[in-house]
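Have a look at the structure below before the remarks.
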Amino acid sequence: MNNFIYKTDSMVEWLTNWLQQHLHNPLLVEIVKMLVGAGVLAGFVSVLAMVLIYIERKVAAHMQQRLGPMRVGPHGIFQTVADSIKLLTKECITPQDVDRFVFNLAPLVCFVAAFVSLSFIPFAPRIQAVNFNVGILFILGISSLGVFGILAAGWASNNKWSLLGAMRAGAQIISYELSAVLALLAILIFAGTLDFKEIVESQRNGWWIWRAHGIGIVAFLIYTIASTAECNRTPFDIVEGESELTAGFHTEYSAIKFAMFFLAEFINVFLVCAISATVFFGGWMPFHIGDMTALNGIFDLVPPFVWFFGKVFALVFVVMWFRWTFPRLRVDQLMRFEWKYLMPLALINLGVGAVLAAYGGFFFNKF
Amino acid sequence: MSAPTTDTKAKSPTYQDYFINMGPQHPSTHGVLRMIVKLSGETVLGLTPHLGYVHRGIEKMTEAQTAVQITHLTDRLDYLSAHMNNWAWSMTVEQALGIAVPERAEYLRVIMSELTRIASHQLWWGVFGMDLGAFTPFLYGFRDREMINDIFEKSCGSRLTMNYICPGGVTQDVTGEFEGETRRFVEYFKPIIEEYETLVSGNVIIQERTKGVGILPADRAKAYGCTGPVLRASGVDYDLRKNHPYGVYPRFDFRTAVSPEGDSWARYIVRLEEMRQSLKIITQALDQMPKEGPVRTKLPPTLKIPKGRYMARGETARGEIAFFLVGNDSPKPYRVKIRTPCFSNLSAFPEIIKGWRVADIVTVLSTFDVVVPDIDR
Amino acid sequence: MSEAASPPPNQPVPPAVPAPAPVPAAPDPFQLEILNILGPGAALENVGKLPTFRVASETIVEVCRKLQAAGFDYLILITAVDYPAENRFELNYVVTRFSQDREFCVVTDIKREVARIETVSDIWAAADWQEREIYDMYGIRFDRHPDLRRILLDDTWQGYPLRKDYVDTVHDVIKRPY
Amino acid sequence: MALDHAHPTDPAAGSAPAPTGHGEGLLPSHRLPMPDGGFLLTTLDTLLNWARSNSLWPLTFGTSCCAIEMMSTGASRHDWSRFGFEVARATPRQADMIVVAGTICFKMATRLRILYQQIPEPKWVLAMGACAVSGGPFYYDSYSVVKGVDRVIPVDVYLPGCPPRPESLIHALMKLQEKIRTESVATRKPHVLPPFPFEHVVMDPEKEFDHR
């Protein structure tokens, strides 16, 4: 029965076959495949960011008893398109006293880090731009590059608000990354692999959040908090801290450079939610309940990418919900929270998880 | 919780101190206040406010206008307490000229002023949330404020700068719907305050950010002449409506909201409590108000302010406003000095912010609830 | 600031212009209490509704200290009034207690060309900014003031706007035609 | 281009490019004597103007009473986010327009000019309220109020009222949108700052800090 989900998406296979028939050169086939993948991913990223910004504005509006964008297209769905075109065509200011090279490089670093990380995510079986056997390690490494972009932006802007924002970002993101990685490690012990594809496969009999004896739930909570902080989202948005630092590290950025930071922020949100969905909620795996074969069969009919995006957007909604509910922490409270509470908890969680994985085995194998 | 660092100045070499300009255009200086902050890392070593970016010369302008014309300038001082400013000025003129005010007008003044107080605190509550990084309370505060604006609009046609209370009473009587609408608002708003409490007061981050932050001791508050919620949050039971009764305030049963801690949290809960007390006053005033009657004393065409000094004080949403009037037997005042609450309240701010973080500047300034045109006049 | 620091701190304040004759009136108990506190130098002046006590400008610090010692902890406002015809500034200190519902005014005169008086900002902290504002608007110097400089107007501003003879030639000031 | 060449009312249709008044055209083809300035550019204009007019991000700039009404406009009942205005930016670098909400004094005017110059092109200014339009209640006798913000920065839309109601502000914003839709990318030139005789005061925080 589970074979059904494999039949729906043989696009990549079809593309490979088609290319092989017409090109006859394996190297060329690989190159064309890469280009197609990059193109698709770039298009996907742009659309995704616009959709996320639109969702953010609508979610915010409805939480605040407003309507949100309404006039540009039906229910304002082209609002972010208008914003993007406007931002792309605005004058791009490079202030006089900035470090020009670093100033112009910084938004690219942020954007590329987010963009590249997305290529490791398995959206559906075999729909994955790059398959890598240490994918999760790589993604964590690449996504931490983003902080260099933020630091560089703040430093090069020659603006004290930017500098404050950048210094906050450096401290915050590096600290919270520890908790996020430790939380993921606890699950990786159970899964026994660093390959995204295999992590998804390992959840065929149940999602790790349920199956890991409570370790999964704790790890998920830690990861959600830490990853919210990593994306600089409220309540951890002290990096931008609009009411304190005007706009933080991107105070001096305008037009397309600012748009890149803006896009990177939303792609990062999507990214951490995608990692969360993949590691804790079975990625594109449909939801199964024990022996209820009929129900499971119905769930199997839903295409896997719907499952994946459904899970990710549910998590994205939670992150947005945070943003429109919570106030912002102060910088010292933020660091205290990480080093005194979150990281020790993540370490204990990892330790307990390791012991359980070594001796306890799985209680819920039948799922 | 005490201040995170007490004597950073001694510890840090000077090359680590740096100065940042906060304002005049900054999202959380509530207009165009400018502050120069000396920092070591994120810790505030000192702060100097620079005022006057909306100094409009109102005191000079009063010397060229008649007493009744000046009323419209008082709206624009603290535009969130427009009714109370009008009232305080009207009291000054009435005192100078010995004008009596009809009883119905006195009640209308009380109701309007208390509604203004609620509207002002609602706006403050929303902006306070926004300053702390939560955007949603801002919209909730404005949602409820619109109802009060509707009531104002029906009484005088204006939403913000009312010019409704004038020497001799109020400019015009309210419409027949006024009482019902006001009562409906009171009924609507009572549970909404509890919603405010759940949405913001109960939030652990808000409490972490405000409790113990920016403590203003009672003796310093008194020395700086702080008034209003800022003073009452420092544990001084001082409210002009009680301690220096004017209008018909002595006839109402309400209590002054006082909190002894003097920190940002105290200033927060004092304002929430004041909203509740204002609702109480409004209900009583609506019950006691004569249903019919004149609302304005007939005034002579020119009001000559007799020679001498006159002063009236009123409790606005931010504290005590006082108009000091010097007359010299002419229709135009010889000198009007406006003592505004925000000016005095803000003067205590640089002292208490030392040792706190950049983010706390925003928090504490927000709980001081300054309105910059009120400072600058 | 340099301007404030330039005169030596103990320089005697120039003598005041003789005050206009106060209108005799029967002081009520509150006014009697104030008169007792202020001592023999003060004269009650019942013009207008605000009880006013006129003192000599050299004694203003002494008077304010006495008032503060007597529990008058609330300085509502300080302001100046310009009387160019009589060649004097009148300084008004409106004082009360936080526990009291009556306020009163202490008035002193200084000569217009001298325009200098001692500060009371060390007695009431509230006086600090109020005096800066008077300096800004009237150009009255407050000796020993810790930070005497313009508060509301730009540092480069010419003249003192609230003086009655102030003429602004730089900015476009439009006089009311009626 | 062919469409415009075939225009029946155009006498120069099909002929060689004739010198016309379209001197500052973006593309060479724009010099063609075409009634609307060319097919390509009108389409580009339509697209850009559509995007620009629907995504006006204001600078959070409010000095006095009008700022409260501006905030009311952003709040739930009036909700300017319906038109795409809600992304109020605190930094001028990311803003598209200034809503000058409130009195501008001489001390602030020099700063406002700096703020205006910091906004990237294209940028617009909406003078909200009587004070920004003309000085308003402070027109007479005030020594410190600038008599209209158009003496400091160029203004696109004037909105009277003291303060204007939120509905008025939305109306003014829609008028600004209309104005933007009539602009052309090719001929649009930045506004010229009006002469303002007062120097920018150099802000030196270290000197202005109270060191006592």
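The values are calculated or read from the model by the stated rules, or taken from the named source; none is laboratory data. Predicted, not measured: the structure shown is a model, and the values here were computed from it. Neighbour counts are summed over all protein chains in view; Cβ atoms, including those assigned to glycine, are modelled from backbone coordinates with ideal geometry. Heavy atoms of the whole protein, side chains included, go into the accessibility calculation; ligands, DNA and RNA do not. Shrake-Rupley method; radii C 1.70, N 1.55, O 1.52, S 1.80 Å.
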Are there any GluC sites (Glu not before Pro) in the stretch C:74-149 that are in a DSSP loop and have at most 16 other Cβ atoms within 10 Å? List them by number. C:86, C:113
Rounded to the nearest 5, what % of DSSP beta bridges with both residues in the stretch C:29-143 are antiparallel? 75
Ignoring ligands and nucleic acids, what accessible area does residue A:34 show with a 1.4 Å probe (Å², nearest 10)? 130
State the answer as a single residue: which of A:184, C:31, D:57 lies farthest towards the positive end of the charge dipole of the protein assembly as shown, with beta carbon charges of +1 for Lys and Arg and -1 for Asp and Glu, about the Cα centre. C:31
Placing +1 at every Lys and Arg Cβ and -1 at every Asp and Glu Cβ, with all other atoms neutral, what dipole size does the protein assembly as shown have around its Cα centre, in debye to the nearest 20? 460
Surface accessible to a 1.4 Å probe, residue B:371 within the full protein complex, Å²: 10
Once the Cα gyration tensor of the protein assembly as shown is found, what semi-axes does its equivalent ellipsoid get, as square roots of 5 times the eigenvalues, in whole Å, sorted largest first? 60, 35, 28
Rounded to the nearest 100 Å², the accessible area buried between C and D, both sides, probe 1.4 Å, is 1700
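Per residue of B:282-294, how many C-beta atoms from partner chains lie within 10 Å of its own C-beta, taken as a mean? Please report the intermediate quantities before stating the final value.
Details: counts 0, 0, 0, 0, 0, 0, 0, 0, 0, 0, 0, 0, 0.
For this peptide, the per-residue mean of nearby foreign Cβ atoms is 0.
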Shielding by other protein chains, B:72-78, mean Cβ within 10 Å: 3
Averaged across C:74-83, how many Cβ atoms of other chains sit within 10 Å of each residue's Cβ atom? 6
Can you tell me the Rg and the Dmax, both Å, for the Cα atoms in the stretch A:1-125? 20.5, 64
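At R0 = 41 Å, how high is the FRET efficiency between residue A:193 and residue A:35 if r is their beta carbon distance? Nearest 0.05 is fine.
On the way: r = 29 Å, r/R0 = 0.71.
That gives a FRET efficiency of 0.90.
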Shape verdict for the stretch B:57-375, please, from the Cα gyration tensor: rounded (a/c under 1.5), prolate (a/b greater than b/c) or oblate. oblate
Per-residue ellipticity at 222 nm for chain A, helices alone: DSSP H runs ≥ 4 residues times -39500 (n - 2.57), over residue total, nearest 500 deg cm²/dmol? -21000 deg cm²/dmol
What fraction, in whole percent, of alpha-carbon pairs in the stretch D:57-181 exceed 25 Å separation? 15
In the full protein assembly as shown, how much of residue C:143 is accessible to a 1.4 Å probe, in Å² to the nearest 10? 10
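What per residue convex hull volume, in Å³, comes out for the stretch A:238-347 when only alpha-carbon positions are used?
Hull volume normalised by residue count: 146 Å³.
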Take the alpha-carbon centre of the stretch A:160-227, take the same for the stretch D:88-139, and report the distance between them in whole Å. 46
What's the angle, to the nearest 10 degrees (0 to 90), between helix B:358-368's Cα axis and the longest principal axis of chain B? 20
Hey, what did the stretch D:57-181 get for relative contact order, percent, Cα under 8 Å, at least 6 apart? 26
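Of the DSSP beta bridges with both residues in the protein assembly as shown, give the percent that are antiparallel, rounding to the nearest 5.
Once the DSSP bridges in the protein assembly as shown are tallied, antiparallel ones form about 75 percent.
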With a ≥ b ≥ c the root eigenvalues of the C-alpha gyration tensor of the stretch A:9-366, is it rounded (a/c under 1.5), prolate (a/b larger than b/c) or oblate? oblate
So, in Å, what gap is there between the alpha-carbon centers of the stretch B:300-366 and the stretch A:19-40? 76
How high is the relative contact order of chain A? Use alpha-carbon pairs under 8 Å, at least six apart in sequence, and give a whole percent. 22
Can you pull a Stokes-Einstein diffusion coefficient for the stretch C:29-143 at 20 °C (1.002 mPa s), Rh from Kirkwood over Cα pairs, as a whole number of µm²/s? 151
Quick one: Debye curve from the C-alpha atoms of the stretch B:217-320, no solvent, what's log10 I(q)/I(0) at q = 0.12, 0.21 Å⁻¹? -0.54, -1.08
